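Novice: Quick one: structure below, then a few questions.
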Amino acid sequence: MSKSSPTTPSPEQSTSPNPWGLSSARIISFISHKGGVGKTTSTVNLGATFALSGQRTLLIGLDPQCGLSQSLGFDDVTLRGGLKDVLTAGLPLAEVVHKTSLENLSVLSPNAKTMAQEEQYKAGIGEYGVLEDLLDQVRDDFDTILIDCPPGFGPETRAALTVSDSYIIPVQAEELCLNSVKRMLHFIQDFGPVARKGILREGLFLTMTDSRIRMSKRVSKSLSKEFGRDVFKTAIPRAARLAEMASQGKPMVIHDRRGRGSRAYFNLMDEVMVRHGKRPQPVLGHRRSLRKSAVAGLTVGSGVKQTTRGNGSAPGSISRFWRSITRRGNGESSTMET
């Protein structure tokens, strides 16, 4: 696993629009009032799908527990620094950004190993404007930055919202989670920087769904009734392989590439891109094709709030992904391998 920092892009890369049509990275925060909803898992896997589509992607874990970096195969030995070291020792941010074994995917974690270090980290990251100033150092080096926030509305979450272009909300398919979503949205509405900076809500998506369980169906119906088009059509199914992801040190879209969960994360990536009027890019090394999926009928260019649905199809990456597997013979290599 390579640990070097991302290389500085050429002037042509810095000035040309990225896949979002921006001159620098789009920053999206994953937030939730409740823990255990699949927020870190979704950040890792959605980030991996962006990377597989050719986007230079940075995943930032703001939770001192460092679950995000562990899910990508890093530990106390292989992490050579993090946000804590930037805040306390003044290290340049680029020196503590770690490349993963997956091309185009990098990770940044707090690296706070003791209680005292954690307190220092929280105090530093919570200061207004600090995280924004830090990310300005590397924002031009990436196309997409995804931030995994700890549960609740602590200093890390507030800092992430302040620096983000938008936020996305994973909702576990349990009835108790619906109330926590409403509480969280009230907090966001009352949080000044969201309104002042025009930070958008990408949408909400269900996690840990099981079509065999009535509660999953009730929660899905209630969420759609309450939030309408803000709810992504893609839902992440409950999968035993998700629990294995951290031990394998790989995103599920790599570790269990044939699974339903992997398909769902590719579908979710397509929905996010289509909501911004962008046609999803092909997965690296695979042919173009059209497919019917969770994004079928979404109108490209409809915008985050005005996404439409209907019949039809939209281009995406998952068909290319699965067809490449069925076509691959013995001994052939794949860009998906790590």
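Novice: Tally Lys and Arg at +1 and Asp and Glu at -1 over the other residues with C-beta under 13 Å from the C-beta of residue 148: what net charge comes out?
Specialist: -1
Novice: In addition: What lysines could a cross-link reach from residue 233, if we take a straight Cα to Cα line under 16 Å and drop same-chain neighbours fewer than 8 places away?
Specialist: 217, 221, 225, 292, 305
Novice: Would you pull out the residues with amide H under 5 Å of residue 166's amide H, same chain only if 5 or more places away, H placed 1.01 Å from N?
Specialist: Close amide H contacts, sequence-distant or interchain: 27, 29, 200.
Novice: Still on this structure, please answer the following. Evaluate E = 1/(1 + (r/R0)^6) for residue 118 and residue 260, where r is the Cβ-Cβ distance and R0 equals 25 Å; express this FRET efficiency to the nearest 0.05.
Specialist: 0.10
Novice: Let me ask another. Tally Lys and Arg at +1 and Asp and Glu at -1 over the other residues with C-beta under 12 Å from the C-beta of residue 133: what net charge comes out?
Specialist: -2
Novice: What is the gain in length, in nm to one decimal, between residue 16 and residue 217 on full extension, counting 0.36 nm per residue of separation less the C-alpha to C-alpha distance?
Specialist: 67.9 nm
Novice: Which order do the peptides 204-213, 39-48 come out in when sorted by mean C-beta neighbours inside 10 angstrom, highest first?
Specialist: 39-48, 204-213
Novice: Expressed in nm to one decimal, what extension gain is obtained for the pair residue 65 and residue 197 from 0.36 nm per residue of sequence separation less their Cα-Cα distance?
Specialist: The residue 65-residue 197 span can extend by a further 44.6 nm.
Novice: Relative contact order for the range 154-258: what is it in percent, counting Cα pairs under 8 Å that are at least 6 residues apart?
Specialist: 27
Novice: Largest first and in whole Å, what are the equivalent-ellipsoid semi-axes of the range 33-98 based on the Cα gyration tensor, each being the root of 5 times an eigenvalue?
Specialist: They are 21, 16, 11 Å, listed from largest to smallest.
Novice: Another question, if that's okay. For a label point 7 Å from the Cα of residue 176 along Cα→C-beta, name the residues of the range 215-235 whose backbone N is under 20 Å from it.
Specialist: So the set is 215-223.
Novice: Could you give the size of the charge dipole of the range 20-283 about its Cα centre, using +1 on the Cβ of each K and R and -1 on the Cβ of each D and E, expressed in debye and rounded to the nearest 20?
Specialist: 1420
Novice: With just the Cα atoms of the range 20-283, tell me how far they stretch along each of the three principal axes, in Å, largest first.
Specialist: Each principal axis gives a Cα extent; for the range 20-283 these are 52, 41, 39 Å.
Novice: If I take R0 = 22 Å and measure r between the Cβ atoms of residue 140 and residue 80 in this structure, what FRET efficiency does the formula 1/(1 + (r/R0)^6) give, to the nearest 0.05?
Specialist: Efficiency for this residue pair is about 0.45.
Novice: If a/c stays under 1.5 just call it rounded; otherwise compare a/b with b/c (prolate if a/b is bigger, oblate if not). Do that for the range 125-264, with a ≥ b ≥ c from the square roots of the Cα gyration tensor eigenvalues.
Specialist: Oblate is the answer for the range 125-264, as a/c is 1.5 or above yet b/c matches or exceeds a/b.
Novice: Based on the mean of other Cβ atoms within 10 Å per residue, sort peptides 75-88, 176-189 so the most packed one is first.
Specialist: Most protected by this proxy first, the peptides run 75-88, 176-189.
Novice: Okay, moving on. Nearest 0.05, what FRET efficiency do residue 101 and residue 278 give at R0 = 22 Å with Cβ-Cβ as r?
Specialist: The computed FRET efficiency comes out at 0.25.
Quick note: the coordinates plus some simple rules give every number you see, no bench work behind them. A quick note: this is a predicted structure, and the numbers were derived from the prediction, not measured. FYI the Cβ positions are ideal-geometry reconstructions off the backbone, even for glycines, and counts take in every protein chain you see.
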